[in-house]
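The structure appears right after this line, and notes come after that.
The values are calculated or read from the model by the stated rules, or taken from the named source; none is laboratory data. This one's a predicted model, so the numbers in the text were calculated from it and none came from an experiment. Cβ placement follows ideal geometry from the backbone for every residue including glycine, while neighbour counts extend to all protein chains displayed. Quick note on the areas: whole protein, heavy atoms, side chains included, nothing else; ligands and nucleic acids left out. Shrake-Rupley method; radii C 1.70, N 1.55, O 1.52, S 1.80 Å.
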Amino acid sequence: MDFKELNNGIKMPIQGFGVFQIPDAIECERVVTDALAVGYRLIDTASVYGNERAVGVAIRKSDIPREELFITTKAWISEMGYERTLQAFDASLARLGLDYLDLYLIHMPFGDYYGAWRAMEELYVQGRVRAIGVCNFGPDRLLDLCHNANVIPAVNQVEIHPYTPQTDAIRIMQELGIQAEAWGPLAEGRNGLFTDDILTGIGSKYDKSAAQTVLRWHLQRGVIAIPKSVHRQRMEENFNIGDFMLTLEDMDVITSLNTGHSTILDLHAPEEVRRLYSIIRPE
């Protein structure tokens, strides 16, 4: 397992596993159990996913030493604000059945995220979370937060994949010392990613699938990726990408698939903001 050292010296696995859209507790527990057996040690969840308890059960049943795991969860829009975020953190920790978190993130750049950040800074200073960060923060909001924060975010988790490579945003994160993390690293299969002629063509040179090729592209860009699958064979395929290297030409060709816009989630679209505010965190 390769790691990226965050701006506070904490080491974060560069390959992780996400549990978005796995709300069923039995299925989520099975999926996380399989992911841990495959070798993943970074597990990414969120309060709004409604599966923190199942993730916690799988962690406890695995018998993997806690210090070998890197567990991330996130505070939703309705949990923004100093007091609300402190309460949300305690609730997430209880659902996960953990004594501390490795990474706690603001899920969306909406609501009183400045109050939330003050709470997260306090939790970080107290040692209850090893690192704090944000999700879905564009360069403008990220720069603004950094100019007003006592603790610079360690991670910014955003939509990154070949159709939305976020090259300029990643450059700004690097300038700020913030680690880029990709959600939807395989574009959720959109734009025909798994059968894309360019991606399958590059992959065929190394006897790899389009998915493996894209995940290798993320790794070589220094971006942490958290693919999701409910199938163990796919998990194994996604995890086993350490035995080949893409050329610089390969990397450039994959990046050139950029569509110039968000493929999955456009946070500048009013209808998307309305939809996100309508989502209530499951109990």
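So the values come out like this:
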| item | result |
| --- | --- |
| Region 60-146, dipole about Cα centre (Lys/Arg Cβ +1, Asp/Glu Cβ -1), debye to the nearest 20 | 220 debye |
| Other-chain or far-sequence residues with amide H under 5 Å of K4's (modelled H) | M12, I14 |
| Rounded percent of accessible protein surface that carbon and sulfur make up, the chain, 1.4 Å probe | 49 percent |
| The chain, relative contact order [Cα under 8 Å, separation at least 6], % | 19 percent |
| Accessible surface of T247 - all protein chains present, 1.4 Å probe, nearest 10 Å² | 60 Å² |
| Tilt relative to the chain, helix 113-125 - C-alpha long axis, 0 to 90 degrees, to 10 | 90 degrees |
| Accessible surface of Y100 - all protein chains present, 1.4 Å probe, nearest 10 Å² | 60 Å² |
| Alpha-carbon centroids, region 41-62 and region 174-203: separation in whole Å | 24 Å |
| With Cα atoms, 0 to 90° folded angle of helix 52-62 axis to the chain main axis | 70 degrees |
| Residue with peak Gaussian network fluctuation, the chain [Cα springs, cutoff 10 Å], from P153, P13, P65 | P65 |
| Placed amide H near K228: partners under 5 Å, 5+ positions off or other chain | G18 |
| Per-residue SASA entry for S229, accessible area with 1.4 Å probe, Å² rounded to 10 | 10 Å² |
| Size of charge dipole - region 99-245 - debye, nearest 20, with Cβ of Lys, Arg +1 and Asp, Glu -1, no other charges | 220 debye |
| Degrees, to the nearest 10: 210-220 long Cα axis against longest axis of the chain | 60 degrees |
| Mean accessible surface per residue for the chain, computed with a 1.4 Å probe while every protein chain stays in place, in Å² | 44 Å² |
| DSSP beta bridges in the chain [antiparallel fraction, %, rounded to 5] | 15 percent |
| nm² value of the averaged projected area, convex hull over the Cα atoms of region 73-224 | 9.9 nm² |
| Ranked order, E175, E272, E27, E52 - accessible area, probe 1.4 Å, largest first | E175, E27, E272, E52 |
| Amide H within-cut-off set for R128, under 5 Å, with H built and near neighbours excluded | none |
| Gap separating the Cα centres of region 77-91 and region 120-145, nearest whole Å | 14 Å |
| Shape of region 182-238, Cα gyration tensor, a/c cut at 1.5 | rounded |
| Ranked order, S256, S262 - accessible area, probe 1.4 Å, largest first | S256, S262 |
| Karplus 3J(HN,Hα) series, Hz, for region 20-33 with 6.51 cos²θ - 1.76 cosθ + 1.60 (x for Gly, Pro) | 4, 6, 10, x, 5, 4, 5, 5, 4, 4, 4, 5, 5, 4 |
